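Structure in structure tokens, see below.
The values are calculated or read from the model by the stated rules, or taken from the named source; none is laboratory data. Given the structure is predicted, the values throughout are model-derived calculations rather than measurements. Heads up, the Cβs are rebuilt from the backbone with ideal geometry, glycines too, and the neighbour counts pull from every protein chain shown. Heads up: the accessible areas ignore ligands, DNA and RNA and are worked out on the full protein's heavy atoms, side chains in. Shrake-Rupley method; radii C 1.70, N 1.55, O 1.52, S 1.80 Å.
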Amino acid sequence: MAVALPSFLTAIMIMSRLMAFIGITRNNDMSSKLQSLVIAPKLSYDPSAIESASQDFGHIVKAVPQAVLLPSSPWDIASLVNFSYSNSVPFIIAARGNSHSVNGQAMAKNGVVIDMTSMKNGNGTGIRIASDGSYADVGGQQFWIDVLNATLGLGLTPVSWTDYLYLTVGGTLSNAGISGQTFQYGPQISNVYEIDVITGTADFVTCSPNNNSDLFYAALGGLGQFGIITRARIPLEPAPKRVKWVRMLYTDFSDFTRDQELLISKNGRNDNKALNYLEGSLLLDQGSLDNWRSSFFQPQDQPKIISLITKFRIVYCLEIVKHYDGQTKTTVDKDLQQLLKGLSYLPGFMFEKDAKYEEFLNRVHSEELKLKAKGLWDVPHPWLNLFIPKSKISDFNDGVFKSIVLQRNITTGPVLVYPMNRKKWDDRMSAVIPDEEIFYTVGLLQSSGFDDWRTFEDQNKEILQFCEKAGIKVKQYLPHYTTKEGWVNHFGSKWSTFQKRKLQFDPKLLLSPGQRIFNNNE
């Protein structure tokens, strides 16, 4: 399908590619001009800094920048953007947090990468909690684990999280920020009062639903295309003390999804009887319980779980959490039993833990440390994250999980599958989700060796091809496309608004080039 673009956008894109080509031949000239800036001492050309900024968590894509900015305040960032925007030959700029992307989304080939985390000890917004405890103003460079620790000290907490907390606030808000709380509270982008954004025109804008709302809705879930988020105002609620943490096993996929959908149907934000977290995952006989989600199971339970997996090849695991504190300690077990009443999990295959609230939220980090000790963390991660309409999730199970995944027999790492409620998302934001009221997140969070990651990428391509042939209208989360047509199809009815916002807030196409949305032919 040929994709028609407005003539003015086409002209800008041609000019951008021409300037990028010219820029490659004038790197020395760019460097000399950068040295004239007030922020010149904060620009690093150190080989180790350049090498670090050339890679990400995926270890699949490499793109070498000219320099790395180590800002101490948002004004340093605005100064860099302003210099590029005003330059006769603009250069591209990418904001990098913990760089947990997998396809080079936080890279800027021959441009400048901004190391956002360098502001953690500078003059940027740190973590400031309102006197009444209703919100926290948080710098975009802050890790969510730091937000958790700061708010818990006052008995408070945000309500929507990601599974892994060593990610920056600006980074997750530029995507969506999802986890097992999303069915009840919505993604992290649905839990923001206001943000500060530095646009591609170097404007420093505070925006909210009632103030500069176009930029507010554009930047949240906007993949960094419209500006760099330097502060977010996050609502807070009283923090629970502990959690009841339960996993239940299934061998029948329809029972598994029916129970998940039943449990997320009770999803009022203030409903004390509802669950506080729900996710699902696959246990595969080609894998091992010895992965980053397996330490939950006690050693004495593992033999019968392994036997079940060996027999059925795929076992579906439903994972839920119910919060409690001193006031609800005596009723939490009864409330949980009521929620689980009538579910169809396998008898004898329900497992429960009692844990501190913060221990549960930071559960992935302990597994990260184990993998790092084995040299298994800094390896290629050919991930694939999808949103699947509820009406097609059974077809996906048959065609992907039971066919492609089992037949190829290469999947290593967690495979997540759990539902969300569309009404918890704000459609005015840039993030894209399926049209159906209930849709599923599917995450193949795979790890590979440095010499075989293409095999996993081939499996990902086969999965996407199956979805296309089967008429499954998937939407990618943490999306990656190599063609303009792919991006237009991804955004669908939002594409026109998306490109208009790009022209408004980043007309010279400076920001987040690694996403390859407007420069995918370079």
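Rundown of residues vs (1) of a type in the set (A, V, I, L, M, F, W, C); (2) closer than 30 Å to residue 325 by Cβ, yes/no style:
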{"site": "204", "(1), (2)": "yes, no"}
{"site": "223", "(1), (2)": "yes, no"}
{"site": "234", "(1), (2)": "yes, yes"}
{"site": "251", "(1), (2)": "no, no"}
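So which residues in segment 373-431 are among the β-branched types (Val, Ile, Thr) and either within 30 Å of residue 209 (Cα to Cα) or touching a helix residue (DSSP H, G or I) at 6+ places or on another chain (Cβ under 7 Å) (or both)? Give the derivation first.
Within segment 373-431, the first condition is being among the β-branched types (Val, Ile, Thr), and the residues that meet it are 379, 388, 393, 400, 404-405, 410-412, 415, 417.
If the condition is that a residue be among the β-branched types (Val, Ile, Thr) and either within 30 Å of residue 209 (Cα to Cα) or touching a helix residue (DSSP H, G or I) at 6+ places or on another chain (Cβ under 7 Å) (or both), then 388, 393, 400, 404, 410, 411 are the ones that fit.
Report the residue count in segment 430-442 for those that are assigned to a loop (DSSP other than H, G, I, E, B) and open to solvent by 10 Å² or more (accessible area, probe 1.4 Å).
In the first step, residues of segment 430-442 are kept if they are assigned to a loop (DSSP other than H, G, I, E, B); the result is 430-437.
Cutting the leftovers down to open to solvent by 10 Å² or more (accessible area, probe 1.4 Å) gives us 431-433, 435-437.
Summing the residues that are assigned to a loop (DSSP other than H, G, I, E, B) and open to solvent by 10 Å² or more (accessible area, probe 1.4 Å) in segment 430-442 gives 6.
Now, a different point. Taking the condition of being farther than 25 Å from residue 390 by Cα and in contact (Cβ under 8 Å) with a residue 40 or more places away in the chain, how many residues in segment 458-484 meet it?
The initial filter retains those residues of segment 458-484 that are farther than 25 Å from residue 390 by Cα, namely 458, 482-484.
Add one more test, that the residue is in contact (Cβ under 8 Å) with a residue 40 or more places away in the chain, and what stays is 484.
Count: 1.
Which of the residues belonging to segment 174-207 are surrounded by fewer than 24 Cβ atoms within 10 Å (Cβ to Cβ) and part of a helix (DSSP H, G or I)?
Hits for segment 174-207 are 184, 185, 190.
Let me ask something additional. Can you pull out the residues in segment 462-497 that are closer than 17 Å to residue 415 by Cβ and part of a helix (DSSP H, G or I)?
462, 463, 464, 466, 467
Return the residues of segment 255-270 that are open to solvent by 50 Å² or more (accessible area, probe 1.4 Å) and either under 22 Å from residue 440 (Cβ atoms) or at pLDDT 95 or above (or both); say none if nothing qualifies. Walk me through it before giving the result.
Kept after step one, since they are open to solvent by 50 Å² or more (accessible area, probe 1.4 Å), are these residues of segment 255-270: 258, 262, 265-266, 269-270.
258, 262, 265, 266, 269, listed by residue number.
Scanning for something more than 18 Å from the chain's Cα centre (by Cα) and open to solvent by less than 20 Å² (accessible area, probe 1.4 Å), does segment 443-455 turn up at least one residue?
Yes, because at least one residue in segment 443-455 is more than 18 Å from the chain's Cα centre (by Cα) and open to solvent by less than 20 Å² (accessible area, probe 1.4 Å).
Which residue out of 79, 84 is open to solvent by 30 Å² or more (accessible area, probe 1.4 Å) and modelled with pLDDT of 95 or more? Don't jump to the end; show me each part of the working.
Working: 84 fails: open to solvent by 30 Å² or more (accessible area, probe 1.4 Å).
Every option except 79 fails the conditions.
Conditions first: (1) under 27 Å from residue 356 (Cα atoms); (2) open to solvent by less than 50 Å² (accessible area, probe 1.4 Å); (3) at pLDDT 95 or above. Residue 241 passes all but one, so which condition is the exception?
With (1) under 27 Å from residue 356 (Cα atoms); (2) open to solvent by less than 50 Å² (accessible area, probe 1.4 Å); (3) at pLDDT 95 or above applied to residue 241, the lone miss is (2).
Could you please find all residues in segment 134-171 being more than 21 Å from the chain's Cα centre (by Cα) and either outside the structural domain of residue 222 (by the TED database) or farther than 12 Å from residue 236 by Cα (or both)?
153
Could you please let me know if residue 162 is part of a helix (DSSP H, G or I), open to solvent by less than 40 Å² (accessible area, probe 1.4 Å) and at pLDDT 95 or above? Talk me through it step by step, then tell me what you get.
Values: part of a helix (DSSP H, G or I): no; open to solvent by less than 40 Å² (accessible area, probe 1.4 Å): yes; at pLDDT 95 or above: yes.
So residue 162 does not fit the description; no.
Considering segment 474-522 alone, what residues qualify as being β-branched (Val, Ile, Thr) and either touching a strand residue (DSSP E or B) at 6+ places or on another chain (Cβ under 6 Å) or open to solvent by 20 Å² or more (accessible area, probe 1.4 Å) (or both)?
Taking segment 474-522 first, the residues β-branched (Val, Ile, Thr) are 474, 482-483, 488, 497, 517.
Matches in segment 474-522: 474, 482, 483, 488, 497.
Let me ask something additional. Suppose the filter is open to solvent by less than 30 Å² (accessible area, probe 1.4 Å) and either modelled with pLDDT under 95 or part of a helix (DSSP H, G or I) (or both); does residue 170 pass it? Steps first, please.
Working: open to solvent by less than 30 Å² (accessible area, probe 1.4 Å): yes; either modelled with pLDDT under 95 or part of a helix (DSSP H, G or I) (or both): yes.
Spelling it out, residue 170 is indeed open to solvent by less than 30 Å² (accessible area, probe 1.4 Å) and either modelled with pLDDT under 95 or part of a helix (DSSP H, G or I) (or both).
In segment 198-254, what residues are farther than 30 Å from residue 508 by Cβ and polar (S, T, N, Q)?
Narrowing segment 198-254 to residues farther than 30 Å from residue 508 by Cβ: 234-254.
Of everything in segment 198-254, those that are farther than 30 Å from residue 508 by Cβ and polar (S, T, N, Q) turn out to be 251, 254.
Picking from 290, 301, which residue would you name as being over 27 Å from residue 240 (Cβ atoms), modelled with pLDDT under 95 and not polar (S, T, N, Q)?
Working: 301 fails: over 27 Å from residue 240 (Cβ atoms).
Only one candidate passes the filter, namely 290.
For segment 411-453, how many residues meet the condition of being in contact (Cβ under 8 Å) with a residue 24 or more places away in the chain and either among the basic types (Lys, Arg) or touching a Cys at 6+ places or on another chain (Cβ under 6 Å) (or both)?
Of the residues in segment 411-453, 2 are in contact (Cβ under 8 Å) with a residue 24 or more places away in the chain and either among the basic types (Lys, Arg) or touching a Cys at 6+ places or on another chain (Cβ under 6 Å) (or both).
Here is a further query. Restricting to segment 91-102, and then to whatever is in contact with an Asp or Glu (Cβ under 8 Å, 6 or more places away or on another chain) and in a loop (DSSP other than H, G, I, E, B), can you tell me which residue is most open to solvent (accessible area, probe 1.4 Å)? Reasoning before the result, please.
Kept after step one, since they are in contact with an Asp or Glu (Cβ under 8 Å, 6 or more places away or on another chain), are these residues of segment 91-102: 96, 99-102.
Retained after the next criterion (residues that are in a loop (DSSP other than H, G, I, E, B)): 99-102.
On the way: 99: 8, 100: 43, 101: 23, 102: 13 Å².
Per the stated criteria, the residue is 100.
Output yes when any residue across segment 110-129 is modelled with pLDDT under 95 and either charged (D, E, K, R) or assigned to a strand (DSSP E or B) (or both), and no when none is.
yes
Do any residues in segment 79-100 that are more than 11 Å from residue 69 (Cβ to Cβ) have Cβ atoms under 6 Å from those of residues that are hydroxyl-bearing (Ser, Thr, Tyr) and open to solvent by 20 Å² or more (accessible area, probe 1.4 Å), where the two are at least six apart or on different chains, and which pairs are they?
Close Cβ pairs (under 6 Å, with a partner that is hydroxyl-bearing (Ser, Thr, Tyr) and open to solvent by 20 Å² or more (accessible area, probe 1.4 Å)) amount to 85/201; 98/166.
Give me a count of the residues in segment 361-400 that are in contact with a strand residue (DSSP E or B) (Cβ under 6 Å, 6 or more places away or on another chain) and surrounded by 19 or more Cβ atoms within 10 Å (Cβ to Cβ).
We begin by selecting, within segment 361-400, every residue in contact with a strand residue (DSSP E or B) (Cβ under 6 Å, 6 or more places away or on another chain); these are 384-390, 393, 396.
If we keep only those that are surrounded by 19 or more Cβ atoms within 10 Å (Cβ to Cβ) as well, we get 384-389, 393, 396.
The total comes to 8.
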